[in-house]
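> Sending over a structure as structure tokens; questions will come in a sec.
Just so it is clear, none of the values below were taken in a lab; they were calculated from the coordinates. Keep in mind the model is a prediction, meaning the values are calculated, not measured. Cβ atoms come from the backbone with ideal geometry, glycine included; neighbour counts cover every protein chain shown.
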Amino acid sequence: MEKTHTTSVRIRILGIISLFFFISGCTVDENSVYLKIRNHADLVKVINTHEHQHQPEEYGDYTFRFYHLIAASYLAADVSSAGANGYDWKMIDSLSLDELWKIYGKALNYTRTSSYYSQFVKGFKQLYSFNDLYFTKSNIEVLSKQIEENYKNYNEWFDKAFHRAGYELMFIDQYWKPFNTEIDERYFALAFNINALVSASSRRPEKGSEPGGFYKEASRDGFTINNLDDYLKFCDHLLRKNIDKKAVCLKNSQAYSRTLFYEDVPYEEARALFDKPSSQRTSEEAKKIEDFMFHWIIQKSVEYSLPVQIHTGYLAGNGNILDNGQPIKLNNLFLKYPKAKFCLFHGGFPWTGEYAALGKMFPNVFLDLVWLPQISREEAVNALEVMLDCVPYNKFFWGGDCGLIEESVGSVSFAKDVVSEVLAKRIKRGLLTEDAALEIVNRIFRENAVEVFDLEKRLGKEF
Ligand SMILES: [Zn+2]
């Protein structure tokens, strides 16, 4: 009885010891594979396929500190969602950090689990040696002083941060000034946002009214628009102007203001509808002209060999019609234009399955993970798993989608974590070799973009 008991205790102890070595052995092994991939990702010269990088003064005449950066980031929407009032830039500029913590601190703390928050922290970890998990009333004081110092010479700071993040090139979508073609080519390549070309088609100014926006731009460039043909001529002029400035793609982010279903409308019908005064058109008729315009733009994208990036899924901010961006609404376009290249954005979240299925079904549909890790880290992990299951990996890209450099640097680090985690897990499950994993990292963060956007030819330099 005594001996049996001792033996069973020994067996149990031996079992526990071997289990410990088994578990720790696995962990060490898995961690080392993860770290190998993650370290490799840091060596890749990243082609970031989507950014909205601003100059700080484009937000207004402010002294940039911690809360200004939050106001310019995605995190501001989560803080509002937690119950805080929206960010008033003038107020932020005039109050002390203590006063602002009283207003926003509680709501900010409720967002500590969100990916917007973690990705924002990551930017400060990379650039400001910030090693805490969370922002607190006291640790943001140091950060805020450093931010103020860096923003005294933003261009110098941007250059330093850009290179520290391992970027080689960012595609810049200037939705807030879509007609500007003057960019700093040391960092950026133009992604021409075509929203205005579509939406202005149904908003022609009535006789006697002052032309604004798109029509003002047309008269500045010497174009008079009396009919649809005139309108198309000016749109073609804008496309060529962007191509002259080495634009690498077109961008549609219309899901923020309308459905992504673009009906196939014949030219004659669109021309007749265009002739009607804007105020006498029904909303269905206005939609038809816009639908015609996007079809026309896709045909031009084939003629000019420009891939078309399309916002699908989740919409930034605090209130919109989510259904507008459902990726499957674009299905008719993928069928009709097999020679066009479509790049679907944001994992189509929350329709990531649809997004992956479209990438699988159509050789001309590419999948960009842009912004998805920031919306939801876990959804990005799941989406990439499904993408690797369904879709060849020469069709994936990554982009940051941020307004200022801190957030962008956080987002690329966050995305590298996600990609490395998924690949390390696959290696552990025996589904992937390390060599293939490193190739996939190169493809997602660089090589696919060089190939699909024809960067060497278009930009006239070697990548
Ligand atoms: Zn964007």
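> Which Cα, out of Met361, Ser257, Val409, lies furthest along the positive dipole direction of the chain (beta carbon charges, K/R +1, D/E -1)?
It is Met361, whose Cα lies furthest towards the positive end.
> Among Lys246/Lys287; Lys122/Lys339; Lys160/Lys339; Lys216/Lys288; Lys251/Lys360, which pairs are too far apart, with a Cα-Cα distance over 29 Å?
Exceeds cut-off: Lys246/Lys287; Lys122/Lys339; Lys160/Lys339.
> Starting from the alpha-carbon convex hull of region 115-225, give the projected area averaged over all orientations, in nm².
10.8
> Using 7 Å Cα-to-Cβ label points, what is the Ile321/Glu182 separation (nm, one decimal)?
It works out to 3.8 nm between the two label points.
> Once both labels are modelled 7 Å past Cα along the beta-carbon direction, what's the Lys461-Asn382 spacing in nm?
It is 4.1 nm.
> Post the alpha-carbon centroid distance, region 340-379 to region 189-209, in whole angstrom.
Using only Cα atoms, the two centres lie 27 Å from each other.
> Note down the nm distance, to one decimal, between modelled labels 7 Å out along Cα→Cβ at Lys152 and at Lys339.
5.7
> Still on this structure, I have one more. State the percent of C-alpha pairs, over all pairs in region 337-452, separated by a distance greater than 21 angstrom.
When every Cα pair of region 337-452 is considered, 33 percent fall beyond 21 Å.
> Which one, Leu306, Ala383, Gly83, is farthest towards the positive end of the dipole of the chain when Lys and Arg carry +1 and Asp and Glu -1 on their Cβ?
Projecting each Cα onto the dipole axis, the largest value belongs to Ala383.
> Determine the sum of side-chain charges near Cys402: Lys and Arg each +1, Asp and Glu each -1, restricted to other residues whose C-beta is under 13 angstrom from that of Cys402.
For residues surrounding Cys402, the net value is -4.
> Let me ask something else about it. What does the extension gain come out to for Ser219 and Glu434, with contour length at 0.36 nm per residue minus their alpha carbon separation?
The span from Ser219 to Glu434 would gain 71.7 nm if fully extended.
> With a bin width of 20 angstrom, please list the P(r) values of the chain as percents of all Cα-Cα pairs, from the 0 bin to the one holding the largest distance.
Calculated over all Cα pairs of the chain, the distribution is 22, 51, 22, 4, 1, 0 percent.
> Charges at C-beta only: +1 for Lys and Arg, -1 for Asp and Glu. How large is the resulting dipole of region 55-153 about its Cα centre, in Debye rounded to 20?
Taking the Cα centre of region 55-153 as origin, the dipole is about 380 debye.
> So for the chain, averaging the separation of alpha carbon pairs under 8 Å that are six or more residues apart and normalising by length, what relative contact order in percent results?
The value is 22 percent.
> For region 151-304, just the Cα atoms, rotate onto the principal axes and tell me the three extents in Å, largest first.
Each principal axis gives a Cα extent; for region 151-304 these are 54, 32, 27 Å.
> I would also like to ask the following. Relative to the Cα centre, what is the charge dipole magnitude of region 99-211, using +1 at the beta carbon of each Lys and Arg, -1 at the beta carbon of each Asp and Glu, and rounding to the nearest 20 debye?
Roughly 480 debye for region 99-211.
> Below 8 Å, C-alpha to C-alpha, sequence gap of six or more: please give me the relative contact order for region 379-463 in percent.
33
> With loop defined by DSSP as not H, G, I, E or B, and exposure as at most 15 other Cβ atoms within 10 Å, which is the longest segment of the chain clear of exposed GluC sites (Glu not before Pro)?
264-461
> I would also like to ask the following. Relative to the present Cα-Cα distance, how much length would full extension add between Phe261 and Asp236 at 0.36 nm per residue of separation?
My answer for the length gained is 6.7 nm.
> Distance cut-off 31 Å, Cα to Cα: go down the list Lys125/Lys341; Lys276/Lys300; Lys36/Lys125; Lys233/Lys336 and report the pairs above it.
Going by Cα-Cα distance, Lys125/Lys341 fall outside the 31 Å limit.
> Explain nothing, just the number: dipole magnitude of the chain about its Cα centre with +1 on each Lys and Arg Cβ and -1 on each Asp and Glu Cβ, in debye rounded to the nearest 20.
The dipole magnitude comes to about 820 debye.
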